[in-house]
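Asks: Sending over a structure as structure tokens; questions will come in a sec.
The values are calculated or read from the model by the stated rules, or taken from the named source; none is laboratory data. All of these numbers come straight from a predicted model, not from anything done at the bench. Using ideal geometry, Cβ is built from the backbone for each residue, glycine included, and neighbour counts are taken over all protein chains shown.
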Amino acid sequence: MRLATIVGIGLFAAALAPSASAQEVTLRAVTAFAEGTQSSIFFERFIEKVNKEGKGLVQINYIGGPRAMPPFEVGNAIRTKVIDIANVPGAFYTNLMVEADAHKLLRKSMAEQRKNGTFDLLNQIHNQKVNAWYLARQLQNVPFHLYLTKKIDKLDLTGLKLRVTPVYRDLVESLGGNPITTAPGEVYTALERGVVDGYGWPAYGIFDLSWDKVTKYRLDPGFYSVEVNVLMNLDVWKGLNDAQRKFLTDAAAWLEGLEPEYAALAKSELERQAKAGIQPIDFGPAESKKFLDRAYEVGWASVIKRSSEHGPKLKSMDGN
Ligand code: 173
């Protein structure tokens with residue numbers, strides 16, 4: 001009896017001892033966007049790839065999107081290790097890291113950002129302020145747009161209320177509009193009820209949650225560069241072994257390298273918008289240039305005002 005117990009305990013201990021399979025770590029993942037929508041699908045493919053190729057090394061348990069966690073809480077949940085890995089735009093965690101708003105302003109390619117130190121600097125700021133490891137960026141080179149339910153006849157949003165996040169706030173204000181911050185999940189209802197007259201959003205994705213049904217116009221040109229980041233809790237990252245970190249770094253490079261697919265998605269979505277009768281509003285090259293210049297000017301001014309430490313450096317590293 002006693003021997004059996006001891007043997008039993010021995011077996012139990014053996015099961016807990018480090019072994020090849022005990023090296024496998026399972027990361028809990030959340031996305032800040034609804035599951036299956038276009039801001040989540042590339043991250044979901046990343047998870048699939050990791051789970052397929054990372055057996056015995058790294059697995060990801062996909063908890064889900066805003067039904068599991070409010071989108072503006074995701075940055076903080078990474079910081080406090082409530083979750084281990086997340087799909088989240090910088091715009092949703094500017095409360096922790098004001099510089100997260102600068103991702104959208106960077107015009108250098110991700111390859112260049114990784115080469116010239118921009119990526120490392122952003123990673124360091126993530127380490128310090130979000131307790132996060134900046135693993136990858138997705139959906140770069142796709143612009144944002146302002147979408148409207150009312151026609152405008154000049155580049156002036158006076159009297160209009162627009163749904164925003166930090167991505168669009170400064171621009172909308174500078175055009176005289178009234179910005180109202182909401183999570184993506186509230187956009188449809190806000191439009192339907194006339195609480196807002198439009199919204200900011202990427203070139204893709206307006207069909208995901210049926211916003212096309214309550215959208216009439218798209219203001220052109222698009223501006224900035226979409227940014228959806230993959231972040232990991234820094235303690236979890238440091239707790240991984242070299243093979244696990246290399247595996248995730250390689251998977252992140254694969255994800256970042258899907259750039260042609262991001263561009264193709266944006267292109268096909270603009271075609272789909274045209275077919276759905278969403279009318280572009282375009283005031284011609286001179287006004288468009290003024291609009292873009294203003295977008296970058298107010299965007300950088302806002303980052304620099306809030307981060308005198310890193311704002312000017314990020315701007316100059318981007319060649320501005
Ligand atoms: O509009 C938004 O909610 C937003 O800021 C964003 C950022 C990146 C991708 C999609 C939306």
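Asks: Among what's in region 79-97 and is in contact with a helix residue (DSSP H, G or I) (Cβ under 7 Å, 6 or more places away or on another chain) and more than 16 Å from the ligand (Cβ to nearest atom), pick the residue that is nearest to VAL298 (Cα to Cα).
Replies: ARG79
Asks: Could you list, in sequence order, the residues of region 98-131 that are out of contact with any Leu (no Cβ under 9 Å at 6 or more places or on another chain) and within 16 Å of the ligand (Cβ to nearest atom)?
Replies: Those that are out of contact with any Leu (no Cβ under 9 Å at 6 or more places or on another chain) and within 16 Å of the ligand (Cβ to nearest atom): VAL98, ASP101, LYS104, MET110.
Asks: Tally time: how many residues in region 36-77 are of a type outside the set (A, V, I, L, M, F, W, C) and more than 16 Å from the ligand (Cβ to nearest atom)?
Replies: Count: 15.
Asks: Looking only at region 176-218, count how many residues are within 11 Å of the ligand (Cβ to nearest atom), small (Gly, Ala, Ser) and part of a strand (DSSP E or B).
Replies: Final tally of qualifying residues: 1.
Listed here are the residues, each with its yes/no results for (1) in contact with a helix residue (DSSP H, G or I) (Cβ under 7 Å, 6 or more places away or on another chain); (2) modelled with pLDDT under 95; (3) more than 27 Å from TYR262 (Cβ to Cβ).
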site	(1), (2), (3)
VAL142	yes, no, no
LEU148	no, no, no
ILE152	no, no, yes
ASP156	no, no, yes
LEU162	yes, no, no
GLY177	no, no, yes
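Asks: Do you know which of the residues in region 264-311 that are closer than 13 Å to ASP101 by Cα and free of Cβ contacts under 8 Å to residues at least 40 places away in the same chain is surrounded by the fewest Cβ atoms within 10 Å (Cβ to Cβ)?
Replies: Among those that are closer than 13 Å to ASP101 by Cα and free of Cβ contacts under 8 Å to residues at least 40 places away in the same chain, it is LYS305.
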